[in-house]
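The values are calculated or read from the model by the stated rules, or taken from the named source; none is laboratory data. Quick caveat: nothing in here was measured; it's all calculated off a predicted structure. When we count neighbours, we look across all protein chains shown, and the Cβ atoms used for this are built from the backbone with ideal geometry, even at glycine.
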Amino acid sequence: MMKSKTLTISVIVSAAILVSGIIQNNAIAYPSQKQGYSHHNMMMQPGLYAFGTIASLQNDENGNPTWIVSGIWKGSLTMGNKTQGEGSNQTNATSAANTTSTTSDTPNATFYSKFNMVMTNGSAMHDHEIYNFKLASMSNPNNTTSVFNGTATITMRQGPVENVPVSIKRIDNNVISIWADPTMVNNHFGNTPIFGTIEKLLSVEK
């Protein structure tokens, strides 16, 4: 009986240490200054908030699928007291198809992503971050697609590369694609966008 109790206590202590380690690692991996918005702002400011996962396959310089990409992303879209989201409260900037909003009337936007890259043979594991996204224009080419163009900082092996032209697409509220100007990142992500899924799309109204 004593041995069984000792084993149970050891399992509980080990689980507590594991959970504590996961929390600490997450705090280090996703520092608040790069997350794009704070939890306080997320609760208080009306707008559209979304997060999801990165799950993509990137090509090499010859167009052959070579890199597996996986990670997370999160973003927000807010403008004053108007909600940028789905449904009847959408503004003309996001609800009308074939329209474009430029810098003078774009909402406030944030985007952050952290993802790993590894070759399909299991080698060369490394990671990247995309942050400091600055929205320049947005459009709705059709009823299911929204396009957000701007610039962002992307971490590379030689260090962060600033002001990289980036285009983010939201497709049918289920898929996200991230395209970064290949000339700014040495064609590191191949000739296709980085794809992911939208796990949660939250519209906050005031």
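Inside segment 159-180, can you point out the residues that are assigned to a loop (DSSP other than H, G, I, E, B) and either at negative phi or without any contact (Cβ under 8 Å) to a residue 24 or more places away in the chain (or both)? Give the derivation first.
Pass one, segment 159-180, residues assigned to a loop (DSSP other than H, G, I, E, B): 172-174.
Matches in segment 159-180: Asn174 only.
Which residue, of Ala152, Ala136, is in a strand (DSSP E or B), surrounded by fewer than 19 Cβ atoms within 10 Å (Cβ to Cβ) and either modelled with pLDDT of 95 or more or in contact with a strand residue (DSSP E or B) (Cβ under 8 Å, 6 or more places away or on another chain) (or both)?
On the way: Ala152 fails: surrounded by fewer than 19 Cβ atoms within 10 Å (Cβ to Cβ).
Criteria check complete, one pass: Ala136.
Can you name every residue in segment 181-206 that is in a strand (DSSP E or B) and at pLDDT 95 or above? Walk me through it before giving the result.
Of segment 181-206, the ones in a strand (DSSP E or B) are 194-204.
Of everything in segment 181-206, those that are in a strand (DSSP E or B) and at pLDDT 95 or above turn out to be Ile194, Phe195, Gly196, Thr197, Ile198, Glu199.
Tell me which of these Tyr131 doesn't satisfy, since it passes every other one: (1) hydroxyl-bearing (Ser, Thr, Tyr); (2) out of contact with any helix residue (DSSP H, G or I) (no Cβ under 6 Å at 6 or more places or on another chain); (3) surrounded by 17 or more Cβ atoms within 10 Å (Cβ to Cβ).
Here Tyr131 clears every test but (2).
Could you grab me the full set of residues in segment 170-206 that are among the basic types (Lys, Arg), surrounded by fewer than 13 Cβ atoms within 10 Å (Cβ to Cβ) and either within 13 Å of the chain's Cα centre (by Cα) or closer than 17 Å to Phe133 by Cα (or both)?
Lys200, the sole residue that qualifies.
Return yes or no: is Asn116 surrounded by 14 or more Cβ atoms within 10 Å (Cβ to Cβ) and at pLDDT 95 or above? Lay out the reasoning, then the answer.
Details: surrounded by 14 or more Cβ atoms within 10 Å (Cβ to Cβ): yes; at pLDDT 95 or above: yes.
Taking the combined requirement at face value, the residue satisfies it.
Being in contact with a strand residue (DSSP E or B) (Cβ under 6 Å, 6 or more places away or on another chain) and without any contact (Cβ under 8 Å) to a residue 40 or more places away in the chain: is that true of Asn116 here?
Values: in contact with a strand residue (DSSP E or B) (Cβ under 6 Å, 6 or more places away or on another chain): yes; without any contact (Cβ under 8 Å) to a residue 40 or more places away in the chain: no.
Considered against the rule, which asks whether it is in contact with a strand residue (DSSP E or B) (Cβ under 6 Å, 6 or more places away or on another chain) and without any contact (Cβ under 8 Å) to a residue 40 or more places away in the chain, Asn116 comes out as no.
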